[in-house]
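Notes for the one structure printed next.
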Amino acid sequence: MLHLLLAHLSDGKFHSGERLGESLGVSRAAVWKALKRLEDDGFPLQRIRGKGYRIPRGARLLDVSEICRHLPEALRTRWEWHVFQEIDSTNAEAHRCVSQGGTSAMVFVSEAQRAGRGRRGREWASPFGQNIYLTLVEPFSGGAQRLEGLSLLVGLCLVEALEVCGYRGCQLKWPNDVLLEGHKLAGILVEIAGDLTSDCTVIIGVGVNVLMQQSPQSIEQPWTSLLLSGQNAELDRNRLVALFVSRMSAGLEQFRHEGFAPFVSDWIARDAWHRRQVCVTSGSNVLQGTNLGVNHQGALRLMTGDGEVLVNGGEVSLRLDNAS
C-alpha cells in the first residue's frame, strides 16, 4: 500500500486521509498508520488539520519499472536489478552475490540499510525511503592498476546527473565525496572482488542524501540533502538513479579503453578546493600545500614547500588548511 500511497502524494499537493483511503480502498486509520510510520523515521511529511497530508513533489518509493522508464531503451537490460525494502548494506549484498558466482553487471538499491558503510568503516546514515543507497557491480579485466581514478569518475557522473536534475553548485572533494554548498551531499565507496592482477569485479557503492532533514548522530561532519538545499529541482529518486547509471554506463565504456585521462578537466572544473591551501593526512603523515587538481591517474597534485607531490587514494582525509 505504501507504494500507492506515496504515488498519490507525489504531486506535492495536500490530500485528505479520507480521500486517500477511498482511492486505495482502505480506511483513513490505515492511511494514518502507514504515514505515521514514515513520519517517525524522519520522512518529510507535512500534515495540516483540515487540509490533509503533503510530501515533497516527486518523492516516492524506488521502483525498477520507473527507473527503467527513464533509461534509454538500449540500457534497460544492461544490468540485473536487485531492489530491497531493507538490507544490511547494498555493498555487502553485492559481495555476497559475487562470491556466489555472480559475474554480470548488477545494480543493488534499497529503501533502508541497517549497516550502511562509508569509507574507513564509518557508518552511513540510511533511514527508510529518504535517500539513495545504490551499489553498481561491473566486471573488469586487467587488474587493479586499470582502475586508477575510477572513484573520481563515479563522483563526476553523479554530479553530472544532479546537474541534469537541476541542482546547481554541486562540487567534488577528492577522492570520494560530493558537496553541495560546502556540505557533504553524497559519498562513494569502491571495492574490488576477485583477482587484483587479472579479471576482477568492481563494487561501486553510492549514497546520496535526497529527502533527509534530521541529523543522525552518526554524521560527524556538515551535511546536506537535495531537499535541504532549497533548490526547486527534481526529487524523484527513480529518475536520478536512471540518470546516474546511464552516465556511468557511458563513462565506464570510455574508462575501460582510455582510463581516467579524458575526464581530468571536467573533474577539476568541479573541484571544490582547486587552487586552495589544504592539509592532507594519511595515518600519522601530514602534508600541507596547494591543491593543483588531479592527474590522469586520479592522484591529487599537491604543491608543497618541497615541490609537487602526488597523493594517491586509500586511508587519506583531505581538509582545508584554516591557517592559510
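Points worth noting:
- For first residues located in region 81-101 and closer than 22 Å to SER65 by Cβ, partners that are part of a helix (DSSP H, G or I) and open to solvent by less than 20 Å² (accessible area, probe 1.4 Å) and lie 6+ apart or on another chain with Cβ distances below 8 Å form the pairs TRP81/ILE67; PHE84/THR90.
- Qualifying positions in region 18-51 - closer than 28 Å to LEU228 by Cβ, touching a Ser or Thr at 6+ places or on another chain (Cβ under 9 Å) and of a type in the set (Gly, Ala, Ser): GLY50
- Among the residues of region 182-211, those identified as within 15 Å of GLN231 (Cβ to Cβ), outside any strand (DSSP E or B) and among the hydrophobic types (A, V, I, L, M, F, W, C) are VAL210, LEU211.
- Note on region 74-181: enclosed strands (runs of 3 or more DSSP E) holding 1 or more residues that are within 26 Å of LEU300 (Cα to Cα) and modelled with pLDDT of 95 or more are 132-140, 170-173, 177-180.
- Number of the condition not met by GLY166 [criteria: (1) within 23 Å of HIS82 (Cα to Cα); (2) of a type in the set (Gly, Ala, Ser); (3) open to solvent by 10 Å² or more (accessible area, probe 1.4 Å)]: (1)
- Filtering region 81-107 to residues that are surrounded by fewer than 16 Cβ atoms within 10 Å (Cβ to Cβ) and within 18 Å of CYS200 (Cα to Cα) leaves ARG96, SER99, GLN100, GLY101, THR103, SER104.
- Every residue from region 267-281 that is surrounded by 15 or more Cβ atoms within 10 Å (Cβ to Cβ), free of Cβ contacts under 8 Å to residues at least 40 places away in the same chain and either closer than 13 Å to PRO175 by Cβ or among the charged types (D, E, K, R) (or both): VAL280
- Against the list (1) farther than 23 Å from VAL164 by Cβ; (2) open to solvent by 10 Å² or more (accessible area, probe 1.4 Å), the condition ALA74 fails is (1).
- Counted residues, region 1-56 - those being acidic (Asp, Glu), open to solvent by less than 80 Å² (accessible area, probe 1.4 Å) and more than 25 Å from SER126 (Cβ to Cβ): 1
- Test: residue in region 302-311 that is open to solvent by less than 80 Å² (accessible area, probe 1.4 Å) and in contact with a helix residue (DSSP H, G or I) (Cβ under 9 Å, 6 or more places away or on another chain): no
The values are calculated or read from the model by the stated rules, or taken from the named source; none is laboratory data. Remember, it's a predicted structure, so these values are computed and weren't measured experimentally. Cβ atoms come from the backbone with ideal geometry, glycine included; neighbour counts cover every protein chain shown. What goes into the accessible areas is simple: the full protein's heavy atoms, side chains included, and nothing from ligands, DNA or RNA. Shrake-Rupley method; radii C 1.70, N 1.55, O 1.52, S 1.80 Å.
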